[in-house]
Structure formats: structure tokens, C-alpha cells
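Worksheet: one structure, shown below.
Each reported figure results from applying straightforward, stated rules to the coordinates on display, with no laboratory input. Quick caveat, the model's predicted, so the values are computed rather than measured. As a convention, Cβ positions derive from the backbone with ideal geometry for all residues, glycine included, and neighbour counts pool all protein chains shown.
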Amino acid sequence: MIWTPFYDAVHGCSSYLVGDEVSGLGVVVDPLAEVGAEEYLLTAQEAGLRVAWVVETHVHADHRSAGRELAEAAGIAVSFHHRAPVSYPVHPLRDGQRLELGDVVLEVWETPGHTEDSLSLLVYDRRRAEEPWGVLTGDSLFVGDVGRPDLAVSSPEAAVAAASAQFDSVRRLLALPEYVAVHPAHFGASACGGIFLSRTPHSTIGFERRHNRLARIEDRQAFVDEVLRHLKPPPEAARSIRAENLGLAVKAGRSA
Ligand SMILES: [Fe+2]
């Protein structure tokens, strides 16, 4: 399996190139404008991969995505959760769908909470095992924290409902075997997490089950209360960045 993470430590954003060196097929998850479409294509090419999929784990509100540009350059459509309210043609993903790259497979899980259109992707390397090796958790389960539920909603009541959905998504992820590697979309300085977000970009299910202060709360109401209590101020340009990533606007500033 080819596994190339791209970490933007200044803004706390992670994206990933995952591929199968035998089939020559690759997927880029959450490509960042900060890195640029060309860089992903070049990295894939150097690894002997063709970018067959571009997947967004959700519509981002804290940074500009390179997804559309990268997908167009690769001659494909960006893949989103089937409920993502994107204004341009996309490839819709649903729970249980499998992206087959050869022996490397990504399995789609719908994990709403941070946004209604949040996804996680289980990563299998079938040359080694039939069990998942890792999970790309998007903005569901973070290292030390969980994705904030308030950036894509318009009322406090909707934020409570989103936090409750996040509770279910996090419980589902934590039920994976403890050795499964956790690779979220953010770390450190990101505005998509709360005050407990670690500067470490990856972890394991077992470590987060034991030591993630929010994720280990087993009572739904207590989880909702804690998540909403520890929010940072929303990023200033969240609305315009989200609009740009939805294809509704062409320019936005950078906020996180
Ligand atoms: Fe996010």
C-alpha cells in the first residue's frame, strides 16, 4: 500500500494520497489548496499512481479545497457524501460503499456530526489482512478531541442535534478494533476542533478510547454539553470559505 500524508502544520490540516502500487490506482482525500492540485498529481505520478478518486470527507469551512481542480485535472468528479449540498456535479458516496483500488480498499462510513455530510473511510490493505488497517476520520474523531458541530448549522438547537449525531458517529468509530490507526483531517491549530485538539496528527482507536477526554464520555447529554462548552470562536471567514468549497463563490480569505 502507498500511504502519503500531506500535513499543513501552520493551519493544522491533513490530506492523504492512498494507493495500490500493483494496480497503479490512487485516491486523494481532502486535498488542500495550500498544497495545490499539481503537487498531488506529481506525487501520485512519482509513486506510479493514477488518481482514480478524489474524496472530500465533508464540505470544509476552515480552508479552501483543491478537490474540484484536482478532480478536473484527473478527468473525474469529486466524491462527496450523497447529502453534501455542493453546486457542481459530484460522485455521491453512501454508507458501506467500497472504493476498490486493487488490494487496497476504502470503505465509506457516514459519520455525521461535524457536518451532516461528514464521512469516514476505513482503509484496508488486503495483501496483509482482511481487517481494516486504519481509518480516515475526517472531522469526526480527532486526536484528543472531536470535530466541532456548530460550523455548518444556523441555530443553537441545530448545533445540539449535530453534537448528538457526533456522539453516535464517535461511538461507532471507537467500536473498531483498538489497533486501527486513526488519521483525521485536522490537528494542532485547526479551527475545526476544540481546545483539546492534539498537535499530533495521528493516533489509534485504542489510545483515543482510553485518553480522548470527549470521546470517552459514554452519556449522550454529557457529551453534547461538554462539546458545546469547549468551542473555540468560529473562524472569521467560515461562511465564505464554505461557500467557495460548495462552488457558490469564487474567492474567500483564509481563516485557520
Ligand atoms: Fe471541517
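Given the criteria buried (at least 19 other Cβ atoms within 10 Å of the Cβ) and either more than 16 Å from the ligand (Cβ to nearest atom) or of a type in the set (Val, Ile, Thr) (or both), does Leu25 qualify? Considered against the rule, which asks whether it is buried (at least 19 other Cβ atoms within 10 Å of the Cβ) and either more than 16 Å from the ligand (Cβ to nearest atom) or of a type in the set (Val, Ile, Thr) (or both), Leu25 comes out as yes.
Kindly indicate whether Val143 is among the β-branched types (Val, Ile, Thr), within 16 Å of the ligand (Cβ to nearest atom) and buried (at least 19 other Cβ atoms within 10 Å of the Cβ). Considered against the rule, which asks whether it is among the β-branched types (Val, Ile, Thr), within 16 Å of the ligand (Cβ to nearest atom) and buried (at least 19 other Cβ atoms within 10 Å of the Cβ), Val143 comes out as yes.
Could you list, in sequence order, all residues of the range 144-166 that are farther than 21 Å from Ala243 by Cα and among the acidic types (Asp, Glu)? Listed by number, the residues that qualify are Asp145, Glu157.
For (1) over 19 Å from the mean Cα position of the chain (by Cα); (2) surrounded by fewer than 16 Cβ atoms within 10 Å (Cβ to Cβ), each residue gets a yes or a no:
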{"site": "Val160", "(1), (2)": "yes, no"}
{"site": "Asp168", "(1), (2)": "no, yes"}
{"site": "Ala175", "(1), (2)": "no, yes"}
{"site": "Ala191", "(1), (2)": "no, no"}
{"site": "Asp225", "(1), (2)": "yes, yes"}
{"site": "Leu248", "(1), (2)": "yes, yes"}
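Take Gly134 and decide whether it is part of a strand (DSSP E or B), more than 16 Å from the ligand (Cβ to nearest atom) and either under 16 Å from the mean Cα position of the chain (by Cα) or without any contact (Cβ under 8 Å) to a residue 60 or more places away in the chain (or both). Against the criterion (part of a strand (DSSP E or B), more than 16 Å from the ligand (Cβ to nearest atom) and either under 16 Å from the mean Cα position of the chain (by Cα) or without any contact (Cβ under 8 Å) to a residue 60 or more places away in the chain (or both)), Gly134 qualifies. The residues of the range 1-48 that are touching a Lys or Arg at 6+ places or on another chain (Cβ under 8 Å), closer than 24 Å to Tyr124 by Cβ and either of a type in the set (Ser, Thr, Tyr) or in a strand (DSSP E or B) (or both), listed by number, are Leu25, Gly26. Close Cβ contacts (under 9 Å, 6 or more residues apart or on different chains) running from residues in the range 142-158 that are in contact (Cβ under 8 Å) with a residue 24 or more places away in the chain and over 24 Å from Gly206 (Cα atoms) to residues that are within 11 Å of the ligand (Cβ to nearest atom) and not in a loop (DSSP other than H, G, I, E, B) comprise Leu151/Ala238; Leu151/Arg242; Ala152/Ala238; Ala152/Arg242. Arg171 satisfies every condition listed in (1) within 13 Å of the ligand (Cβ to nearest atom); (2) within 20 Å of Val108 (Cβ to Cβ) except (1).
Being aliphatic (A, V, I, L, M) and either free of Cβ contacts under 8 Å to residues at least 40 places away in the same chain or under 30 Å from Pro132 (Cα atoms) (or both) is true for just one of Ala162, Ala238. Which residue is that? After ruling out the rest, the residue left standing is Ala162.
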